[in-house]
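Participant: Sharing a structure here in structure tokens format.
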Amino acid sequence: MNFRGNALHGGIADGLSNCTGLMYIFLDKNHLTGEIPFWLGGFPKLVALLLSKNNLTETIPLSLGNLTSLQALYLDNNQLEGSIPDELGRLNNLQWLALFANHLSGTVPEPVFNLSSVFAFGVDQNYLHGTLPPNWGNNQPNLAYIFLTLNHFMGNVPASLANATMLYNLDISFNNFTGKMPPEIGTLCPSIFSFDSNQIEASSLEGWEFITLLTNCSWLRVLTFRNNMRAGNLPVSVANLSANLQVFYAGFNQIQGNIPPGIGNLVSLQKLFLSHNQFVGTLPGTIGRLKMMRALGVDGNLLSGTIPPSIGNPTLLQIITLDDNNFEGPLPFSIMNLQQLSIVTLSHGNSFSGSLPTSISKMLGLVVVNLSNNFLSGEIPQEFGRTKGLQELYLGHNNLSGQIPGTFQNMTGLYLLDISFNHLSGQVPVHGVFVNPSRFLFRGNDGLCGGTQELHLPVCPVSEKHSSTKKRVILIITISIGSFLVLYWDDKYRKVSYAELAQGTDGFASTNLVGRGRYGSVYKGRLSLKNAETVVAVKVFDLQQSGSSKSFEAECVALSKIRHRNLISVITCCCSSDSRQNDFKAIVFEFMPNQSLDKWLHDANPCSDASRPIPGLTLIQRLNIAVDVAEALDYLHNDCEPPIVHCDLKPSNVLLNEDFVACVGDFGLAKILYDSEAEQVINSKSFTGIRGTIGYVAPGNSKYIGHPSSNNDTRLVAPPPRPGRKLQTKRL
């Protein structure tokens, strides 16, 4: 009977009790509940009983000891409790015993240990205790797999296990075994031998003999004994272990002396962790021979000297941890060869000096870099900002100087930046990681200024020379009455041509169309900005539509005066002619992958072709969006000089980035409240009538035709009257 891997639920049906002729029962990988029926012990021909990966409870029935033909018993990955019945010791034909990942307790009965037919013995991940029989291995000619991990076994490891010559996997990790590892165990030839997290001892005189004997085993792939009580020197015979060894963990012990240079002979080694011991001397240059190595950990030792240049030879390395040692000197240039490196930590206790390498931008896989608590000096290279995948960067407690690279605010994945206690000065950027004070650590840099209000830094002094020489790009736009509107645009944004926008959007193809409004359409595109290809949103204005040019002008004026994490970020603009020599106007914005709030409120999932009536935003997401929009309005009304009123706030003008952070966009109807009465009158003539969209315009706003106030923006994106149903709207 085979019903494995289905969605069966409920208890095991009593109707099966009549099928006593069954030889195989496969009910594993389902959702069965309740207890294991006692009547299963009445199947004399049963060879295999597989009930693993269900939700079975209660105890193991004593009646299972009657299944004298049984060869495979799999009860693992359930919620069984109680003790292992002595009666299972009568299963003289049993080869596979899998009781792991349950809640079993007590001791393992000696008759179960002595089952001479067993090939695989798995009782790991339970609450079992007691000692192992001293003679366990004397009558186990077939035993190949022993899994005792994550229990409470204690006492010595029996030397008799050396007689189980077929052992392929011996894992006794995470128990309370004590004493020394018997030398005889080294005569075995397992593929995996692990006794992590026990209390197994070694000294300079004894306890290491098994390693020397293991050198005769060519099958060995994994050898781990972390977190024990092993002292003395690591035997030089470790260099003679199997050439097939891939994993060697010896961390969290009290091992002393030098790291044997011969460790470079283990050419298949992929993971080497010697962390948190008492190793002294230098890091052997022979490490460079380990061309297959992917992870190296020697942190928490007493190593000194410089890092050997050969550290750059294992080009597959992904993790290096050298923290808490006494290393010194410059960072080796060869480390830049490690193009797959994702985590590198060299902090605390070391004394690395010199400058930060600019070529780090070539290491595109970096995720975590920790260089804090050293003596690094010089400026932080702009190139650091090009490591787009970097999530955590720790540079605190060094001697770095100069300014924070502006490229850092473009690192969209950067989650935490620590530059505290250096000698940095100048303007703090206002985007990216710099927006959140809990993720930007900057204390101890007295020369920093500016940044967001939450940082409480002093205002940056205005340099007269700098102000007089700062370049500005002046966009002169012809308007219908024949005069000119002069807009000032920061020179960090370069102008783009119609040809670039057409190429980046595949000729403004319909497949790249992401939105359409009264005054134009928005396309997804790609532009080459600062030597990198960037995904952008291109808002193309329909100049045949009345008021479109004025909307472009108003949006340019407003966007040139604002900068906030909850306002759409403008990248550049285009005011030229298209391929037919017609006027062409467009604004390029940061691309918002989650589109508009309107889509999520009314379409549930804008990435899906199927429209569902159930909103796709959680309550927490909605609250966060509301807070984001409120912060944007507070900035526009109270922190801008002069203040700006959006005048058309609605869900379709609230855009969501990849983290569902809301950004207010579309400033085509925005009103700038100048102090000068003359400017107020002139500006108010640009638009007449009620500003906004029916359904979202502030109540009673018709009284204020041509004279908007902050009241215009206060009626926002309250949930629609019925979930998933749009308000009837019309732009005014």
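The values are calculated or read from the model by the stated rules, or taken from the named source; none is laboratory data. Everything numeric here is computed off the predicted structure, so don't read it as measured data. Cβ sites come from the backbone with ideal geometry, for glycine too, and all protein chains shown count toward neighbours.
Participant: Here are some residues: 282, 286. Which one is more than 22 Å from residue 186 (Cβ to Cβ), part of a helix (DSSP H, G or I), modelled with pLDDT of 95 or more and among the β-branched types (Val, Ile, Thr)?
Facilitator: Answer to the selection: 286.
Participant: Residue check: is residue 55 at pLDDT below 95 and touching a Gly at 6+ places or on another chain (Cβ under 9 Å)?
Facilitator: Against the criterion (at pLDDT below 95 and touching a Gly at 6+ places or on another chain (Cβ under 9 Å)), residue 55 does not qualify.
Participant: So, in region 227-248, of the ones that are more than 22 Å from residue 162 (Cα to Cα) and not polar (S, T, N, Q), which residue ends up surrounded by the most Cβ atoms within 10 Å (Cβ to Cβ)?
Facilitator: Selected residue: 234.
Participant: Taking residue 608 as the residue in question, decide whether it is touching a helix residue (DSSP H, G or I) at 6+ places or on another chain (Cβ under 7 Å), farther than 30 Å from residue 450 by Cβ and modelled with pLDDT under 85.
Facilitator: no
Participant: Mind counting the residues in region 339-365 that are modelled with pLDDT of 90 or more, within 15 Å of residue 390 (Cα to Cα) and part of a loop (DSSP other than H, G, I, E, B)?
Facilitator: 3
Participant: Next up: When region 271-288 is examined, which residues are found to be closer than 16 Å to residue 229 by Cβ and either free of Cβ contacts under 8 Å to residues at least 24 places away in the same chain or over 29 Å from the mean Cα position of the chain (by Cα) (or both)?
Facilitator: 277, 278
Participant: Pick from 80, 32: which is over 20 Å from residue 124 (Cα atoms), out of contact with any helix residue (DSSP H, G or I) (no Cβ under 6 Å at 6 or more places or on another chain) and modelled with pLDDT of 95 or more?
Facilitator: 32
Participant: May I pose another question? Of all residues in region 633-692, count the ones that are part of a loop (DSSP other than H, G, I, E, B), among the hydrophobic types (A, V, I, L, M, F, W, C) and modelled with pLDDT of 55 or more.
Facilitator: 9
Participant: OK, next. Here is a list: 38, 43. Which entry is buried (at least 20 other Cβ atoms within 10 Å of the Cβ) and among the aromatic types (Phe, Trp, Tyr)?
Facilitator: None of the other options fit; the residue is 43.
Participant: Can you tell me which residues in region 372-388 are part of a loop (DSSP other than H, G, I, E, B) and on the phi < 0 side of the Ramachandran plot?
Facilitator: Answer for region 372-388, where residues must be part of a loop (DSSP other than H, G, I, E, B) and on the phi < 0 side of the Ramachandran plot: 372, 374, 380, 381, 387, 388.
Participant: Now, a different point. Consider only pairs whose beta carbons are under 9 Å apart and that are at least six residues apart or on different chains; among these, list those whose first residue lies in region 612-623 and is closer than 15 Å to residue 657 by Cα and at pLDDT 85 or above and whose second residue is surrounded by 11 or more Cβ atoms within 10 Å (Cβ to Cβ) and of a type in the set (Phe, Trp, Tyr).
Facilitator: That search, which allows pairs on different chains as well, returns 621/600; 621/660.
Participant: Please go through region 214-226 and give me each residue that is more than 20 Å from residue 273 (Cα to Cα) and surrounded by 17 or more Cβ atoms within 10 Å (Cβ to Cβ), ordered by number.
Facilitator: Across region 214-226, the qualifying residue is only 217.
Participant: Could you count how many residues in region 243-266 are in a strand (DSSP E or B), closer than 17 Å to residue 233 by Cβ and not hydrophobic (A, V, I, L, M, F, W, C)?
Facilitator: Counting residues in region 243-266 that are in a strand (DSSP E or B), closer than 17 Å to residue 233 by Cβ and not hydrophobic (A, V, I, L, M, F, W, C) gives 3.
Participant: Also, I was wondering about something else. Only residues that are farther than 25 Å from residue 673 by Cβ and in contact (Cβ under 8 Å) with a residue 12 or more places away in the chain: list them for region 535-564, please.
Facilitator: Result: 535, 536, 537, 538, 540, 542, 543, 545.
Participant: Is region 222-237 home to any residue that is among the polar types (S, T, N, Q) and touching an Asp or Glu at 6+ places or on another chain (Cβ under 7 Å)?
Facilitator: Scanning region 222-237, I find at least one residue that is among the polar types (S, T, N, Q) and touching an Asp or Glu at 6+ places or on another chain (Cβ under 7 Å), so the answer is yes.
Participant: Going by what's in this entry, would residue 515 be described as surrounded by fewer than 22 Cβ atoms within 10 Å (Cβ to Cβ) and within 28 Å of residue 626 (Cα to Cα)?
Facilitator: Yes.
Participant: List the strands (runs of 3 or more DSSP E) inside region 389-497, counting only whole elements, that have at least 2 residues being at pLDDT 85 or above.
Facilitator: 392-394, 399-402, 416-418, 423-428, 447-450
Participant: Could I ask something else about it? Looking at 316, 338, which one is crowded, with 19+ Cβ neighbours inside 10 Å and hydrophobic (A, V, I, L, M, F, W, C)?
Facilitator: 338
Participant: Which pairs have Cβ atoms under 7 Å, sit 6 or more apart or on different chains, and link a residue in region 157-178 that is within 14 Å of residue 194 (Cα to Cα) to one that is of a type in the set (Asp, Glu) and surrounded by fewer than 16 Cβ atoms within 10 Å (Cβ to Cβ)?
Facilitator: The qualifying pairs do not exist here.
Participant: Restricting to region 249-268, and then to whatever is farther than 17 Å from residue 210 by Cβ, among the small types (Gly, Ala, Ser) and crowded, with 16+ Cβ neighbours inside 10 Å, can you tell me which residue is nearest to the chain's Cα centre (by Cα)?
Facilitator: Selected residue: 251.
Participant: If you don't mind, another one. So residue 390 clears everything in (1) farther than 23 Å from residue 528 by Cα; (2) surrounded by 22 or more Cβ atoms within 10 Å (Cβ to Cβ) except one condition, right? Which one?
Facilitator: The single condition residue 390 does not satisfy is (1).
Participant: More than 28 Å from residue 661 (Cα to Cα) and in contact (Cβ under 8 Å) with a residue 24 or more places away in the chain: which single residue out of 331, 364, 417 fits that description?
Facilitator: Going through 331, 364, 417 in turn, just one is more than 28 Å from residue 661 (Cα to Cα) and in contact (Cβ under 8 Å) with a residue 24 or more places away in the chain: 331.
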